[in-house]
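Chemist: Following this message is one structure expressed as structure tokens.
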Amino acid sequence: MTELLVGTKKGLFVLEGEPGAPFEVTTRAFAGEPVENALRDPRSGRLLASVTSAFYGPKLWYTDDPAGEWEQAQGVALPEGGDAALERIWVIVAGEADGTIYAGGDPGVLFESRDGGESFALNRGLWEHPTRPKWTPGGGGLCLHSIATWPDEPDRIAVAISAAGVWLSDDRGETWRKGNAGLKPNYVPEDMPEDEVGLCVHRLRRAPTRPERIFMQFHGGVYRSDDAGESWHDIAPGLPSDFGFPLAIDPADPDSAYVIPLVADMDRVTPEGRVRVYETRDAGATWTPRGNGLPPEHAYLTILREAFDWAGEGEALELYFGATSGGVFGSGDAGASWFDAATHLPPVLSVTAA
Amino acid sequence: MPHVHLREPLKRLAGNRSEHALEGATVGEVLLALERAQPALDGWILDERDVLRRHINVFVNGELGGPDTQLGAGDRLDILPAISGG
């Protein structure tokens, strides 16, 4: 049985099922509220969800029973009396140390919990970074959307912010340095001073069996790093477009990555009216379209950055992604074939599989 | 002393009480007093800057007010979500 946590514009949907057939909606929580992201902590079984009420602001919640009561996590806020307010929590990630949960949000902020998500503290190293005044937001805000932990090494972590680029820490977030060498933004003049360029990273994923390798979907570009995010190499050739948002991997294969190209930044839908996932098994040297079972025509979908995830690995790899048009698509054979997991949900903001 | 009237979900957070008598000469002062008296409301009506959230309306005796609206003893404040959404 696979569980999907589907964050939508109108609540969190918990889906359960087996690959190959539609999933059952077992729970809906936060009805009517935008749920940006959700996580089931594999260590505790606890569920966490980020909810951005249009009225009452962003909150992070946790529960041990999604159909029951949810508790509001404490400390998910910026310092009182400052000139900024928390806009949104984009992503929730389980850390490597016991009880550690990370949450990333807008304006370019990272929170850390050491008690399984009941309370959080703002990461001061990133919040007070001297370059912060020069950070610029992307269209979705100054969102910290990717948190790549390093297996069994809690001190090493990479985050990505749109449009403040990649940030690396080797001391559990005490200090941060840039990791952007090789990124080539095509949306600013080539002679723009390097420290003034806003780097619009869309998604990072680290290969857990070779953690120095990270894949990136950029705002116009797909990249790979083999030195833990210090430098990046273009691997977009072979794709129908270098634009897109989400990126998935097969955790058993450090040479694997999956992307869902969209036409371009000015036309953020699937190209040619066809929905296709592109797979590489050679670290980006070549790409293969995987569309068997996906809408083949008249399909203009938008898939957001948190809306693509996986369960299992290797031959048992399952892939799931959701679209803003309310469909969730799944594959139980590593992308070789696809099925409709759900067809009529509200606009999908995120998909988390477990 | 002004009285604040809350509906769900704010009422539940405020000890499941809808009526709250609070000191304050302006709407802003009363909202800060409400947060101090009911810490679970922290961040729900005012953000970290103590700015009234954009889609929350405060009515004073039935008329839309703002943080600087002056209050007198016996004034009634209703805190309601705005007509917005999508």
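No value in this document is a laboratory result; all are computed from the given coordinates. Bear in mind the structure is a predicted one, so any value in this text is a computation, not a measurement. Cβ placement follows ideal geometry from the backbone for every residue including glycine, while neighbour counts extend to all protein chains displayed.
Chemist: What ³J(HN,Hα) values, in whole Hz, does the Karplus curve 6.51 cos²θ - 1.76 cosθ + 1.60 give for segment A:49-54 when θ = phi - 60°, with x put for Gly and Pro?
Modeler: Result, ordered by residue: 9, 9, 10, 10, 5, 5 Hz.
Chemist: Work from the charge dipole of segment A:11-94 (Cβ charges, +1 for Lys and Arg, -1 for Asp and Glu, about the Cα centre) and give the residue of A:VAL91, A:LEU15, A:TRP61 farthest towards its positive end.
Modeler: Ranked along the dipole, the leading option is A:VAL91.
Chemist: Could you tell me what a quarter of the Cα convex hull surface of segment B:15-81 works out to, in nm² with one decimal place?
Modeler: Details: hull surface 17.1 nm².
With every direction weighted equally, the projected area is 4.3 nm².
Chemist: Now for a different question. From the residues B:PRO2, B:GLY24, B:VAL58, which one has its Cα farthest along the dipole of segment B:1-61 in the positive direction, the dipole being from +1 and -1 charges on Cβ of Lys/Arg and Asp/Glu about the Cα centre?
Modeler: Positive-end residue among those listed: B:VAL58.
Chemist: Something else now. Please state the relative contact order of chain B as a whole percent: Cα pairs under 8 Å, 6+ residues apart?
Modeler: Taking the mean separation of contacting Cα pairs over the length of chain B, I get 36 percent.
Chemist: Also: Go through A:ALA283, A:ALA341, A:HIS298 and say which Cα lies farthest out towards the positive end of the charge dipole of segment A:257-354; charges sit on Cβ, +1 for Lys and Arg, -1 for Asp and Glu.
Modeler: Looking along the dipole axis, the top candidate is A:HIS298.
Chemist: Same structure, new question: How large, in Å, is segment A:126-191 by the Kirkwood hydrodynamic radius built from its alpha-carbon pairs? Write out the running numbers ahead of the final one.
Modeler: Working: mean 1/r = 0.0773 Å⁻¹.
Evaluated over segment A:126-191, this radius sits at 12.9 Å.
Chemist: Okay, next question. Taking 7 Å along the Cα-to-C-beta vector as the label spot, tell me the A:GLU153-A:ASP333 distance in nanometres, rounded to one decimal.
Modeler: Roughly 3.8 nm, to one decimal.
Chemist: Further, regarding this structure: Which ³J(HN,Hα) values, rounded to whole Hz and listed in residue order, are derived for segment A:137-154 from phi using the Karplus coefficients 6.51, -1.76 and 1.60 in 6.51 cos²θ - 1.76 cosθ + 1.60 with θ = phi - 60°, glycine and proline given as x?
Modeler: Result, ordered by residue: x, x, x, x, x, 8, 9, 8, 10, 10, 10, 10, 7, 10, x, 6, 10, x Hz.
Chemist: With +1 on the Cβ of every Lys and Arg and -1 on the Cβ of every Asp and Glu, and nothing else charged, how large is the dipole of segment B:15-81 about its Cα centre, in debye rounded to the nearest 20? If you can, show how the numbers build up before the last one.
Modeler: Details: 6 positive and 12 negative charges, 33 e Å.
Magnitude of the dipole: close to 160 debye.
Chemist: How big is the antiparallel share of DSSP beta bridges in segment A:29-163, given as a percent to the nearest 5? Walk me through the numbers before you get to the answer.
Modeler: On the way: 34 of 35 bridges.
Roughly 95 percent of the DSSP beta bridges within segment A:29-163 come out antiparallel.
Chemist: Just grab the label-to-label distance for A:GLN72 and A:THR131, each label 7 Å out from Cα along the Cβ direction, in nm (one decimal).
Modeler: 3.5
Chemist: Now for a separate question. Given +1 on the Cβ of Lys and Arg, -1 on the Cβ of Asp and Glu, and no further charges, what dipole in debye does chain A carry about its Cα centre, rounded to the nearest 20? Kindly include the intermediate steps, with their values, before the conclusion.
Modeler: Details: 29 positive and 54 negative charges, 137 e Å.
The dipole magnitude comes to about 660 debye.
Chemist: Using only the alpha carbons, work out the radius of gyration and Dmax of chain A in angstrom.
Modeler: Cα only, chain A: 18.8, 56 Å (Rg, Dmax).
Chemist: Also, quick follow-up: How big is the charge dipole of segment A:189-228 about its Cα centre, in debye rounded to the nearest 20, if each Lys and Arg gets +1 on its Cβ and each Asp and Glu gets -1 on its Cβ? Write out the running numbers ahead of the final one.
Modeler: Values: 6 positive and 8 negative charges, 124 e Å.
The calculated dipole for segment A:189-228 is roughly 600 debye.
Chemist: When only C-alpha pairs under 8 Å and at least 6 residues apart count, what is the relative contact order of chain A, in percent?
Modeler: Values: 1035 pairs, mean separation 45.5, N = 354.
The value is 13 percent.
Chemist: Between A:GLU272 and A:ALA31, what is the label-to-label distance in nm when each label sits 7 Å out along the Cα-to-Cβ direction?
Modeler: Placing both labels 7 Å beyond Cα along the Cβ direction yields 4.3 nm.
Chemist: While we're looking at this one, here's another question. Between A:PHE243 and residues 5 or more places away or on another chain, which pairs have amide H atoms under 5 Å apart, with H built 1.01 Å from N, and which residues are they?
Modeler: Under 5 Å from the amide H of A:PHE243 lie the amide H atoms of A:GLY221, A:LEU262, each far enough along the sequence or on another chain.
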